[in-house]
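Trainee: Supplied in structure tokens, the structure appears directly below.
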Amino acid sequence: MKGNFGFSLMLALCLGLFAGLGTAQAGEGIEGTARADGLDACVAPTAFMRRNHFELIKHQRDITVHQGIRDTDNSLAGCVDCHVRKDAQGNHVPVNSPGEFCAGCHQYTGATLDCFSCHATKPTGN
Amino acid sequence: MSQPTDQPTDQRRRDFLAGAGAAAATVVAPGVFLNSVASAAPRDTAVTDDVRYGMLIDTAKCADGCSDCVTACEKENGLDQLLKPEGASDEIWDMQRPRWIREVKLRNNLTGRVTSLPMMCQHCEHPPCVDVCPTGASFRRADGIVMVDRHTCIGCRYCMMACPYNARSFIHENVRFKITAAPRGKGCVESCNLCVQRRDNGGTTTACQDACQQGAIVFGDLKDPNSAVSQAMARYPTVQIRADLKLNTGVRYTDV
């Protein structure tokens, strides 16, 4: 009896988990819905950004955390804000979802993306 | 600054109820406004030691059983986005869940008088957590905020052992939702940072101060003699918790 109850509980938990995932997941991002899509270049020329974006972000993170400077072009929040795409329902699609702006290249090159274990993957409004 | 904590209650401290309450109200009103406007100017220059942020907490106003400040802190900093891991017991979860503010009860063994107070990072001038950190992740910002640089934190938890105030927590599990303004994640130690995101974006209050309906928390610049917190501290007797450690805390209490 006890075992049955445990099993039912597990089943309920699993179902709940998947239901939760289902609602949390956004659809596929649509080309042209990111603010960046309408701009000629990022905060620096595209070729430079492709090779050096992490240098900019890494430099900025130390300045922001230790010196409190947040008025900058090089913040990760800025990257996400500008590059995040929307799905057909108009919801933001996390930038680290497969095929989205960040994950697209990082998956292809096999470079681990650690930013988003802490940082927001879409604008949260605060 | 250092006063014995078992000193008999000075009746004048009761005046603090009226005095600091009024001061806090004037600060809270514009503060709430500032923070609701996301476009308040972000900092473009490095923080300096011209200011030292700190707090005064009037424990006489702190109601037993009230947890408004704790709830507000959890919401502001995303602490409520970490759920109990599956399979963890309530006991373990209660012990290990991240808490930036703890509700603490002090009992004077001689008189039996019980005091409730919120206990958080005391933002020491000489923080033991900074002394012991092997990577420099635990640091004291020029403006007096003691915080963790999560980029360099390796999660060793040495600082948790060093802190006399039990102010630090470790994040054991993935955070289910990340807030842009307050990034946090698994594997790092964290603690109260005096709402650093508000400090750098022009805010004048902390989440706990805004939430306290009793006006028990006054936040401000300890170096500015005209700030509400300095004025209150100049008028009323205040104590540092564990003043014997000579850490010169930035968070002070009255009526303890």
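Trainee: Two decimals, Cα atoms only, Kirkwood Rh: what is Rg/Rh over the stretch A:28-117? Mind dumping the intermediate values first?
Mentor: Details: Rg = 13.5 Å, Rh = 14.0 Å.
Checking Rg against Rh, the ratio lands at 0.97.
Trainee: Give me the mean projected area, in nm² to one decimal, of the convex hull enclosing the Cα positions of the stretch B:177-227.
Mentor: For the stretch B:177-227, the mean projected area of the Cα convex hull comes to 5.1 nm².
Trainee: Right, next: Of A:109, B:205, how do they rank once you tally other Cβ atoms within 10 Å and put the fewest first? Could the numbers behind the result be given before it?
Mentor: Details: A:109 8, B:205 23.
Final ranking by Cβ density, sparse to dense: A:109, B:205.
Trainee: Something else about it: GluC sites (Glu not before Pro), restricted to the stretch A:20-104: which are DSSP loop and have at most 13 other Cβ atoms within 10 Å? All intermediate terms of the calculation are to be shown ahead of the outcome.
Mentor: Working: sites: A:28, A:31, A:55, A:100; in loops: A:28, A:31, A:100.
Passing both the DSSP loop test and the Cβ count: A:28, A:31.
Trainee: Another question, then. Counting other beta carbons within 10 Å of each Cβ, put A:66, B:126, A:92 in order, fewest first. Provide the component values of the computation, followed by the final result.
Mentor: On the way: A:66 16, B:126 12, A:92 21.
So the ranking, lowest neighbour count to highest, is B:126, A:66, A:92.
Trainee: For the stretch B:70-189, which semi-axes, largest first and in whole Å, follow from the square roots of 5 times the eigenvalues of its Cα gyration tensor?
Mentor: Working: eigenvalues 113, 86, 40 Å².
Taking √(5λ) for each eigenvalue gives 24, 21, 14 Å, largest first.
Trainee: Next question. Mind scanning B:223/B:246; B:105/B:246; A:122/B:223 and naming the pairs with a C-alpha gap bigger than 30 Å?
Mentor: Details: B:223/B:246 19 Å; B:105/B:246 22 Å; A:122/B:223 38 Å.
From B:223/B:246; B:105/B:246; A:122/B:223, over 30 Å: A:122/B:223.
Trainee: Looking at the square roots a ≥ b ≥ c of the eigenvalues of the Cα gyration tensor of the stretch B:157-256, which shape do they give, rounded for a/c under 1.5, prolate if a/b is larger than b/c, or oblate? Walk me through the numbers on the way to the answer.
Mentor: Numbers: a/c = 2.39, a/b = 1.40, b/c = 1.71.
Oblate, since a/c reaches 1.5 and b/c is not below a/b.
Trainee: Based on other C-beta atoms within 10 Å, arrange A:97, B:89 from fewest to most. Numbers along the way, then the final one.
Mentor: Values: A:97 21, B:89 9.
The most exposed by this proxy come first: B:89, A:97.
Trainee: With the radius of gyration and the Kirkwood radius both derived from the Cα set of the stretch B:52-127, what is their ratio Rg to Rh?
Mentor: Numbers: Rg = 15.1 Å, Rh = 14.7 Å.
Over the Cα atoms of the stretch B:52-127, Rg/Rh equals 1.03.
Readers should treat all values here as calculations from the given coordinates under stated rules, not as data from a laboratory. These numbers were taken from a predicted model, which means no experiment stands behind them. Because the Cβ atoms are built from the backbone with ideal geometry, glycine has one as well, and the counts that use them run over all protein chains shown.
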